[in-house]
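What follows is a short report on a single structure.
The values are calculated or read from the model by the stated rules, or taken from the named source; none is laboratory data. Given the structure is predicted, the values throughout are model-derived calculations rather than measurements. Positions of Cβ are backbone-derived with ideal geometry, glycine not excepted, and every protein chain shown enters the neighbour counts. The accessibility values were calculated without ligands, DNA or RNA, using every heavy atom of the protein model including side chains. Shrake-Rupley method; radii C 1.70, N 1.55, O 1.52, S 1.80 Å.
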Amino acid sequence: MSQIQAVADAVCAGKAKLVGGLVQEALDAGCEPLEILNSGMIDAMGIVGEKFKNNEIFVPEMLVAARAMKKGVEVLKPHLSAGDTGTAGKMILGTVAGDLHDIGKNLVGMMIESAGFEVIDLGVDVPIEKFIEAVKENPDVNLVGLSALLTTTMPALRDTVKALNEQDFRSNIKIMVGGAPITQEFADEIGADAYTADAASAAQKAKELVA
Amino acid sequence: MIIIGEKINGSIPPVAKAIAEKDAEFIKHRAQIQADANATYIDCCASVEESIEVETLHWMIDLIQEVTDVPICIDSPSPHSCVAAIPFCKKPGLINSVSMEGDKIDVIFPVIADTKWECVALLCDDKGIPNSVERRMEVFHNVMEKAKEYGIAPSRLHIDPLVVTLSTDEEALTTFAECCRQIKAEYPDIHITSGLSNISFGLPARKNINQAFMVLAMNAGMDSAIVDPTNRDMLGMIYATDALLQNDEYCLEYIGAFREGLIGPAPKK
């Protein structure tokens, strides 16, 4: 167990160079690969997200923690069975049409991925049809994340949610929205399932939505 | 950024008084606060008559080394005093300084040739501080010829292209910056340093000028400076500039300095 704690501490501290070796040590000590992933990395990223939410750490520190986790997953991957990673769920993510902002969306993607989800990032300025196609092409998707940073692209967010709500697959997915001008009221009004204010809360919410 | 802490210099009146009165605690305190502020070297300048300079340096260096293992920067206009003070230091540090004036370089370079000591080299010679970039680069090439002769790697040199006062020479920064660019282009591993407060002499609100100079000089390639590391505004500017110039991956040094309370708003007492 102490080996797993060492992995978790290194992920929290963003020690990318150390994490790989520590994961190997944990494996050598007989720790379960899935346990290393869940307790050593996903939970550690949960702590990192919580600290970020509470303004205890800054954006780059969240980035180095995620980078450290990636290094650990590289070592761990050959020891995990095919279904072990990305088991929490699958999310399609993108910034809506007319909006080119991606920092917030990328942070959300990173934290959701670190929470054990598989993330398909469609990028920025994504037209409505592309979201719909992506969900159809990935029948196992259970979350769609939509980002809009500008007040001028809030209507595009509304239109995208509306179009998704009219699809036959709607009952299979939950729609999450976010971005600087977005509020819970707006999310409710346009028919989204969830709104969160930051990347860490988004990851937490994603887990709740698919539970 | 290499920070050479300037607070222990006998040309500063309270320090001169402490030296005259043999106030050990004063010197130790100044060493401690500079070490706490992440100084890379602690400059030690006696600024006393040459006849008692070496013994004074000995006393000061011993005190600094009592409180910190940050390496010493031996600072004296006399090359002989510099060389005499080397054995007082527990580990290799920095000599401040040589130039092409007199026999300075020929006294100091052979002594540090086969050591890990580094050295500040000013771009002036027996004719004084050259006005033009071309003339300063000429002095630079003379310094580098000497360095080659004694086998001192460029990475052990901190070139000070020299700062004149902006109030009397409006080209003060542009000349300095152009020297930085040319020097770095020739020797990417070399350090460039400056005792920059000269830039603002004769002007009001000097700290604005000093900080602006720091940013522009760093942008031109300066990677070392003789400053007061406990000056949080200047230190903040240095960390911010390093981050903006891609010298600080993920801004972690900047964030670290903030966490340590070295930069940003002063902590409430």
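Below are the figures for this structure:
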{"quantity": "Lone qualifier among B:Asp248, B:Asp242, B:Asp189, B:Asp228 - being loosely packed, with under 14 Cβ neighbours inside 10 Å and either away from chain A (no Cβ under 14 Å) or farther than 21 Å from B:Cys119 by Cα (or both)", "calculated": "B:Asp189"}
{"quantity": "Of all residues in the stretch A:67-80 being of a type in the set (A, V, I, L, M) and either out of contact with any helix residue (DSSP H, G or I) (no Cβ under 9 Å at 6 or more places or on another chain) or open to solvent by 10 Å² or more (accessible area, probe 1.4 Å) (or both), the one that is nearest to the other protein chains (Cβ to nearest Cβ)", "calculated": "A:Met69"}
{"quantity": "Residue that is farthest from the other protein chains (Cβ to nearest Cβ), among those in the stretch A:17-64 that are in a loop (DSSP other than H, G, I, E, B) and either on the phi > 0 side of the Ramachandran plot or open to solvent by 70 Å² or more (accessible area, probe 1.4 Å) (or both)", "calculated": "A:Gly30"}
{"quantity": "Filter result for the condition that a residue is out of contact with any Lys or Arg (no Cβ under 7 Å at 6 or more places or on another chain), farther than 16 Å from B:Leu122 by Cα and buried (at least 16 other Cβ atoms within 10 Å of the Cβ), over B:Ala212, B:Ala220, B:Ala172, B:Ala257", "calculated": "B:Ala257"}
{"quantity": "Residue match in the stretch A:82-91 (condition: within 14 Å of chain B (Cβ to nearest Cβ) and basic (Lys, Arg))", "calculated": "no"}
{"quantity": "Pair list, Cβ < 7 Å and 6+ apart or interchain, from the stretch B:11-34 residues that are in a helix (DSSP H, G or I) to residues that are of a type outside the set (A, V, I, L, M, F, W, C) and open to solvent by 60 Å² or more (accessible area, probe 1.4 Å)", "calculated": "B:Ala16/B:Ser47; B:Lys28/B:Glu66"}
{"quantity": "Given (1) part of a helix (DSSP H, G or I); (2) open to solvent by 20 Å² or more (accessible area, probe 1.4 Å); (3) within 23 Å of B:Glu260 (Cα to Cα); (4) not aliphatic (A, V, I, L, M), number of the condition B:Trp59 does not satisfy", "calculated": "(3)"}
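Here's the yes/no breakdown for (1) at pLDDT 95 or above; (2) outside any loop (DSSP other than H, G, I, E, B):
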residue	(1), (2)
B:Ile86	yes, yes
B:Ile95	yes, yes
B:Phe140	yes, yes
B:His158	yes, yes
B:Asp169	no, no
B:Pro188	yes, no
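Here's the yes/no breakdown for (1) closer than 19 Å to A:Lys207 by Cβ; (2) surrounded by fewer than 23 Cβ atoms within 10 Å (Cβ to Cβ):
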{"position": "A:Val108", "(1), (2)": "yes, no"}
{"position": "A:Glu118", "(1), (2)": "yes, yes"}
{"position": "A:Glu129", "(1), (2)": "no, yes"}
{"position": "A:Ala148", "(1), (2)": "no, no"}
{"position": "A:Thr152", "(1), (2)": "no, yes"}
